[in-house]
1. Search the range B:55-74 for residues being at pLDDT 85 or above and outside any loop (DSSP other than H, G, I, E, B), and hand back the single one that is farthest from the other protein chains (Cβ to nearest Cβ).
2. Would you point out the residue of the range B:113-130, among those that are in contact (Cβ under 8 Å) with a residue 60 or more places away in the chain and at the interface with chain A (Cβ under 10 Å from one of its Cβ atoms), that is farthest from B:Val170 (Cα to Cα)?
3. Among the residues of the range B:43-54, is any modelled with pLDDT under 90, in a loop (DSSP other than H, G, I, E, B), over 13 Å from the mean Cα position of the chain (by Cα) and crowded, with 22+ Cβ neighbours inside 10 Å?
4. Return the only residue of B:Arg25, B:Arg71, B:Arg57 being farther than 24 Å from A:Gly62 by Cβ and either of a type in the set (Lys, Arg) or in contact with a strand residue (DSSP E or B) (Cβ under 7 Å, 6 or more places away or on another chain) (or both).
5. Scan the range B:97-137 residue by residue and report those that are more than 19 Å from B:Pro162 (Cα to Cα), outside any loop (DSSP other than H, G, I, E, B) and within 16 Å of the chain's Cα centre (by Cα).
6. Going residue by residue through the range A:25-35, is there one that turns out to be of a type in the set (Gly, Ala, Ser) and within 14 Å of chain B (Cβ to nearest Cβ)?
7. For the range B:75-118: of the residues being basic (Lys, Arg) and modelled with pLDDT of 90 or more, which is surrounded by the most Cβ atoms within 10 Å (Cβ to Cβ)?
8. Examine the range A:109-131 for a residue that is more than 11 Å from every other protein chain (Cβ to nearest Cβ), within 18 Å of A:Gln60 (Cα to Cα) and surrounded by fewer than 18 Cβ atoms within 10 Å (Cβ to Cβ), and state whether such a residue exists.
Amino acid sequence: MTLSPAYRSVLWWAVYLCLALWVQKILPGIDAFTPALILACQEKHPWQLLWLMLICLLIQEGTGNLAFGGGILYYGALVAMFRIGQLFFVTSGLFFVLLLSLGLGLVRAGILLTFISLQSLAVPPLRLAEETLVQVLLIPPLWGAALLTRRWFVRHEDDGI
Amino acid sequence: MGVAEENARLRDEVRRAEYSLASMREEKAELTRLRDLMAFSPPETWHTMGARVLTGRFGPAAALESVMINRGFASGAAPGTPLVTHQGLAGRVFRASAHTATVLLLTDRAFRVAVVTEKGRVPGVLAGTGARANLEVRYVAPNMPVEPGELLVTSGLDGDFPKGVPVARVISAEPGNETLFQQVQAAPLVPLDTMEEALLLIPPAEWPGRQAARADAREPVPPVLRQGAAKGAAVPSGTVNQGTLRRPAAR
């Protein structure tokens, strides 16, 4: 049975999201959806990015202990940094993803520290730093694996990458 | 019926039997866990309510060491309600929605509970230090006898937990280098990473913490603030009864 590229694309996203959930299960505190959203930004399909972001937001906000809004700020920052990066860098390359990953790590730490402070919670700073570092290091390889498998599976010709 | 059809039917039956066997094994394991859980006898005037763990710490917004359970304030899981298993204390409800609640585990850094050692009745405050790390018992006087292997049980002095619930086992007790107090390390009794079912300990109506819990259900208050409030709360004598809890076997 041959599936159309659109169906294959949706199927690929579904499989990726399931795998990302598994990664988040074994690595608590990590956002494994970020590489998918970077990929969606690079594909330049606004509706695809929108529904994907909505799914990620619902999952992340629903499963967390922090007040609602951190996910919106984080994913909003991702899109904003990507847009700004477009002005200065080639956004499809590894170098840009490394920079974006580093920037998102700082944004994540900032958002978490702000929310933790506002909610008067006690969270070990070392654990926050460790998780942020793991996430910064995890995004580029996950993005690379996602890019390669998506190209192979969906065979996009108009994805702009 | 031909041999090929008979073969296919038998193969199908074997598949169904294998599935049924796996399902039975799972049910048997669950039954064993639930029977163990039912061995827990709550303190007098308190009652228990079963809860299933839905998920552990998950995602970037999960800042606390916590699990989500399938009970909410609609079924009595108000903030502050202790969560126990037959092995001992696991945590307490931090935030409750109608049908689910987030339970702060005792390994979280914001978690505090007043404890005493089982033999020497030495008081202290047990504090979490993070996942997969030892618990700390703070404010243990320097000359008091605390032995490795000794059980720590709730003292009930904090007004949040009933007296006599096992919490942790002492790993080491050494004289403090920088403070006057002893440095006491302990390990939780409940395997928090693999906990699947637990019991909520519902306090009696006259329990002082229950009024605060009702207020918390309307407006959640962070645990660090609640602890401050609980420390100052008066505990009327006679409201706390030591339960007949099954103690874990000594190692």
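The values are calculated or read from the model by the stated rules, or taken from the named source; none is laboratory data. Bear in mind the structure is a predicted one, so any value in this text is a computation, not a measurement. Quick reminder, even Gly has a Cβ in these numbers, built from the backbone with ideal geometry, and neighbours come from all protein chains shown.
1. Per the stated criteria, the residue is B:Ala74.
2. For the range B:113-130, the residue satisfying everything is B:Gly130.
3. Among the residues of the range B:43-54, at least one is modelled with pLDDT under 90, in a loop (DSSP other than H, G, I, E, B), over 13 Å from the mean Cα position of the chain (by Cα) and crowded, with 22+ Cβ neighbours inside 10 Å, which makes the answer yes.
4. B:Arg25
5. B:Ala101, B:Thr102, B:Leu135 - these are the residues of the range B:97-137 that are more than 19 Å from B:Pro162 (Cα to Cα), outside any loop (DSSP other than H, G, I, E, B) and within 16 Å of the chain's Cα centre (by Cα).
6. Checked the range A:25-35: at least one residue is of a type in the set (Gly, Ala, Ser) and within 14 Å of chain B (Cβ to nearest Cβ).
7. Among residues in the range B:75-118 that are basic (Lys, Arg) and modelled with pLDDT of 90 or more, the one surrounded by the most Cβ atoms within 10 Å (Cβ to Cβ) is B:Arg92.
8. Within the range A:109-131, one or more residues are more than 11 Å from every other protein chain (Cβ to nearest Cβ), within 18 Å of A:Gln60 (Cα to Cα) and surrounded by fewer than 18 Cβ atoms within 10 Å (Cβ to Cβ).
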